[in-house]
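Only one structure is covered here, and it is reproduced in the block below.
The values are calculated or read from the model by the stated rules, or taken from the named source; none is laboratory data. From a predicted model like this one, the values you see are computed outputs, not experimental measurements. FYI the Cβ positions are ideal-geometry reconstructions off the backbone, even for glycines, and counts take in every protein chain you see.
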Amino acid sequence: MCGIVGYIGERSCAEILLDGLSKLEYRGYDSAGISVLTEEGIRTVKRRGRLQNLRGAVETAKLTGNCGIGHTRWATHGEPSDRNSHPHGTGRLSLVHNGIIENYLGIREMLERRGYVFESETDTEAAAKLIDFCYKGDPLAALREALPVLRGSYAFSVIFADYPGKIFAVRRDSPLIVGLSEEGNFTASDIPAILRYTRRYLLLDTDEIAVVERERVTVFDVAGNRVEKEVKTADFDMGAAEKGGYPHFMLKEIHEQPKALRDTIQPRLEDGLPRFSELPDDFFDGITKIYIVACGTAMHAGLVGRCAIERYAGIPVEVDLASEFRYREPLLDPEHHLFVCITQSGETADSLAALRLAKARGVRTLSVVNVLGSTISRESDQVLYTYAGPEIAVASTKAYSVQLAVMYLLALRLALLRKGISEEEVRRLTAELCRMPEVVEQVLAREDEIHHIAAACQNAHDLFFIGRGLDYALSQEGSLKLKEISYIHSEAYAAGELKHGTISLVTDGVPVFALATQDALYEKMIGNIKEVKARGAQVVLLHREKAADVGKIADLSFALPQMEELFCPIPGVTVLQLFAYYCSLLRGCDVDKPRNLAKSVTVE
Ligand code: M6R
């Protein structure tokens, strides 16, 4: 989604803005622009397409000044074009925006009636011109008058021609931080944009307005009172936000999984048993049902969580897509239900809305979040952080693995509390979970085998993933990963469901990736594999070592090491991530920045 960066300081800002925007590329974008306060007033350059287009135009324009704002746009209202790119404004002000202004049409009509002329199709231009309309020489007063009129979500950075030393920043439901450094101060959507200059930053709360100057930052609440903000320090350095010798962030992050798993599991162990010291002791008391709500990959982690929690803790679990949950009027019981939100970024708009709905209904909320201090982590009753470190590639990999780890720990913790299984069995399973980083390392050491499988499937138009139980949950993640970065059309099917319709699509040479890691379901899976084989499918089988008849049923296969089958999704997903990665690479796709996708989906 859109990325914002602003700088006011001693240095010339154009290069700093371009550098900051390049660090936000991972969020996904299709155009970019900057505005700089120069001696001739505000000058703006914007271009459709990749940042290098903008860079060339900025060099030609020779923008000199040390206060400015920049933006990478992920198109929502209006096609990607120079005209629709941000910044937007008037001669008096320039503004960049992340979010959606829902009532922009009404605002636009009102302003057109008063003589404003619009140049773009964007919702953002309506906000910029509304602030201009409210501006009578005092930027803070203009913002305070305009903000209550806006419906929707926003993070804004605004510069005013009359105030060359100041950037005004405000947010509602879209992320925005203020970076602090000796050589100037920043506004940014995310830490990587400023990490080269500083690790110190402030988090803005909803509708707080920051006035960012060279040597100071002043924050006001909605009523105009000054607010003291805590200065935070980013706990990761430049290395974490760079590729570290890998050709792509995705590959680097796949390889970081063993460490991420160790970092997430180890702090949650006490005497060989799972324990969440960050939660109050009575947090799970009286829970009779759990709703796990999330989007995309995070929702897939919830599906694995459901299998584990229902099997070991005996608590019924519903898994919902946040975008559905928020509108389906869920039957929530404040006393006995637990709402669990899973999210890497902690900023996903639908997940946040679902969380707010659950809170408004009085239900206990727990979020599993990777990004420290993100909106969802701040608004949840309790948080379980995953310690994957920053995930930059659009395709989520290490974040999913650690979400699985937390789901397993949660299932085992609940099982212990419920006394659903013996302490000895929980101890055995926990020890097995602790072995998963090592098992993932063994899979990573066999990357060549997965490259070989990808080479055999790279020209497919359609590819099916099939599985049962945990393998079906994992299939859904494998399929999402493949389509998002390789653009191969793919579907995940419950293996037993194929014959109810989809098998009509399985014809000669169509690859079917069959996941069969669960003993009790293995023979059933053989039956399903035979069905697709009989229709000409090229079968790739993911199984555990020593599985029967692999050579007879599969064209290609990958054996996971012997291990507890409950945890197969952890090394299993490593195989599927690498498979998607190599398919994408072999097809010449942009692995880290797949078309149309954004890292953090901050609009509905
Ligand atoms: O930040 P979140 O975990 O809330 O994001 C949810 C999805 O947008 C995300 O998992 C998405 O599906 C990934 N790009 C998949 O790789």
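See the values below:
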item: Matching residues, the range 555-604, being more than 17 Å from HIS255 (Cβ to Cβ), surrounded by 21 or more Cβ atoms within 10 Å (Cβ to Cβ) and away from the ligand (no atom under 16 Å from the Cβ); result: PHE558, LEU560, LEU566, PHE567, CYS568
item: Count - residues of the range 208-236 that are charged (D, E, K, R) and within 17 Å of ILE159 (Cα to Cα); result: 5
item: Matching residues, the range 329-347, being among the aromatic types (Phe, Trp, Tyr) and within 14 Å of the ligand (Cβ to nearest atom); result: none
item: Complete set of residues in the range 1-41 that are under 29 Å from the mean Cα position of the chain (by Cα) and of a type in the set (Gly, Ala, Ser); result: GLY3, GLY6, ALA14, GLY20, SER22, GLY28, SER31, ALA32, GLY33, SER35
item: Qualifying position, being of a type in the set (Gly, Ala, Ser) and either under 25 Å from GLU15 (Cβ atoms) or surrounded by 20 or more Cβ atoms within 10 Å (Cβ to Cβ) (or both), among GLY224, GLY244; result: GLY244
item: Of the criteria (1) within 16 Å of the ligand (Cβ to nearest atom); (2) in contact with a helix residue (DSSP H, G or I) (Cβ under 6 Å, 6 or more places away or on another chain); (3) under 30 Å from VAL591 (Cβ atoms); (4) not acidic (Asp, Glu), which one ARG326 fails; result: (3)
item: Positions within the range 184-217 being out of contact with any strand residue (DSSP E or B) (no Cβ under 9 Å at 6 or more places or on another chain) and either surrounded by fewer than 21 Cβ atoms within 10 Å (Cβ to Cβ) or assigned to a loop (DSSP other than H, G, I, E, B) (or both), in sequence order; result: ARG196
item: Some residue of the range 431-448 being under 30 Å from ILE191 (Cα atoms), touching a residue at least 60 places away in the same chain (Cβ under 8 Å) and among the acidic types (Asp, Glu); result: yes
item: Residue in the range 146-154 that is without any contact (Cβ under 8 Å) to a residue 40 or more places away in the chain and not basic (Lys, Arg) present; result: yes
item: Of the criteria (1) charged (D, E, K, R); (2) on the phi > 0 side of the Ramachandran plot; (3) within 11 Å of the ligand (Cβ to nearest atom), which one ASP350 fails; result: (2)
item: Those residues of the range 39-60 which are surrounded by fewer than 19 Cβ atoms within 10 Å (Cβ to Cβ), more than 23 Å from ALA393 (Cβ to Cβ) and not charged (D, E, K, R), in sequence order; result: GLY41, THR44, GLY56, ALA57, THR60
item: Yes/no for LEU105 being of a type outside the set (D, E, K, R) and either buried (at least 18 other Cβ atoms within 10 Å of the Cβ) or in a strand (DSSP E or B) (or both); result: no
item: Residue count for the range 12-53, restricted to those that are assigned to a loop (DSSP other than H, G, I, E, B), under 25 Å from SER345 (Cβ atoms) and of a type in the set (Asp, Glu); result: 1
item: Number of positions in the range 370-417 that are within 13 Å of the ligand (Cβ to nearest atom) and under 20 Å from GLY3 (Cβ atoms); result: 13
item: Pick from the range 171-183, criterion assigned to a strand (DSSP E or B) and surrounded by fewer than 24 Cβ atoms within 10 Å (Cβ to Cβ), ranking: modelled with the lowest pLDDT; result: ASP173
item: Verdict on GLY99 being surrounded by 24 or more Cβ atoms within 10 Å (Cβ to Cβ), at pLDDT 95 or above and in a strand (DSSP E or B); result: no
item: Filtered residues of the range 353-364 (kept if within 15 Å of the ligand (Cβ to nearest atom) and surrounded by fewer than 24 Cβ atoms within 10 Å (Cβ to Cβ)); result: ALA353, ARG356
item: Residues (among the small types (Gly, Ala, Ser), within 13 Å of the ligand (Cβ to nearest atom) and crowded, with 24+ Cβ neighbours inside 10 Å) located in the range 298-323; result: ALA298, ALA301, GLY302, ALA322
item: Residue that is surrounded by fewer than 16 Cβ atoms within 10 Å (Cβ to Cβ), among the small types (Gly, Ala, Ser) and touching a residue at least 40 places away in the same chain (Cβ under 8 Å), where the choices are GLY91, GLY70, GLY115; result: GLY91
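Yes/no matrix, rows are residues, columns are (1) touching a strand residue (DSSP E or B) at 6+ places or on another chain (Cβ under 7 Å); (2) among the aromatic types (Phe, Trp, Tyr):
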position: HIS543; (1), (2): yes, no
position: LYS552; (1), (2): no, no
position: ASP555; (1), (2): yes, no
position: LEU560; (1), (2): yes, no
position: CYS568; (1), (2): yes, no
position: PRO571; (1), (2): yes, no
position: GLN577; (1), (2): no, no
position: TYR582; (1), (2): no, yes
position: LEU586; (1), (2): no, no
